[in-house]
Amino acid sequence: MKSIMKRVVPIIFSIALLTLIPLHKAKAQASISAHATAEVIQALTAMETAELNFGRFSPETAGGEVKLTPRGVRSSSGTVALSGGIHNAASFYITGQYEATVSITLPTGPAILTNATTSKTMEVYNWESFPQAGLGVGVLNDGSLSVNVGATLRVGNMIDNPVGIYTGTYSITFAYN
């Protein structure tokens with residue numbers, strides 16, 4: 001019996017120690033300093049490098065439209081007769097964070113061009129761009145992107161739109177996505 005007791009006592013003592021160890025570990029704590037990062041990127045900038053210019057034309061008897069594509073191709077419909085002179089799509093130079101994607105938001109409604117002498121107006125609508133407007137459509141390769149914008153100009157007859165220069169403004173938004 002003495003030999004059994006010699007074996008049982010150490011076993012009981014070992015079991016008692018093992019049951020106390022997990023309780024001790026449950027109360028232990030560990031602290032660590034973790035890391036967080038953030039990166040501030042370059043501000044997005046836009047500069048108009050060419051104005052939207054429908055060029056010279058005559059509305060003739062009934063008027064119509066002058067369409068200018070983002071690639072600078074001009075055409076007319078109705079009785080509008082295109083003439084010489086400079087015409088071009090608008091062009092914008094965008095700069096910002098290298099390889100970032102940007103969205104292009106064109107005007108949602110028409111822009112009004114007004115004759116300073118007569119206060120007569122023409123309407124610019126059907127906006128389009130290259131690259132095409134939308135979310136994440138442009139990539140700032142080497143930190144820059146060129147965007148061209150075209151539209152359609154609604155022209156009245158000679159009474160509605162007499163001789164003169166018509167001017168106006170519109171808004172385009174470029175944003176990081």
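The values are calculated or read from the model by the stated rules, or taken from the named source; none is laboratory data. Just so you know, these numbers come straight off a predicted model, no measurement behind them. So basically every Cβ, Gly included, is an ideal-geometry build from the backbone, and we count neighbours across all protein chains shown. Surface areas here come from the heavy atoms of the whole protein model, side chains and all, with no ligands, DNA or RNA. Shrake-Rupley method; radii C 1.70, N 1.55, O 1.52, S 1.80 Å.
A few comments on the model shown:
- Rg and Dmax of the stretch 27-84, both derived from C-alpha coordinates alone, stand at 28.9, 93 Å.
- In order through the stretch 40-55: 3J(HN,Hα) via Karplus (6.51 cos²θ - 1.76 cosθ + 1.60), integer Hz, x for Gly, Pro: 8, 9, 4, 5, 7, 10, 9, 9, 6, 9, 8, 6, 5, 9, 7, x
- Rough spin-label spacing in nm, given labels placed 7 Å along Cα→Cβ, for S146 and T173: 2.7 nm
- Fully extending the segment from T105 to T37, taken as 0.36 nm per residue of separation minus the present Cα-Cα distance, adds 21.4 nm.
- Distance cut-off 21 Å, percentage of C-alpha pairs in the stretch 51-177 lying past it: 43 percent
- Pairs of alpha carbons in the stretch 115-162 whose separation is greater than 11 Å (percent): 74 percent
- Percent accessible area from carbon and sulfur atoms, the stretch 95-177, protein chains only, probe 1.4 Å: 53 percent
- Residues whose amide H comes within less than 5 Å of that of G138, counting only those at least five positions distant or on another chain, are V102 (H built at 1.01 Å from N in the peptide plane).
- Extension gain, T121 to E48: 0.36 nm times the residue separation minus the Cα-Cα distance gives 23.9 nm.
- Label-to-label distance, Y98 versus Q132, with points set 7 angstrom from Cα along the beta-carbon direction: 3.1 nm.
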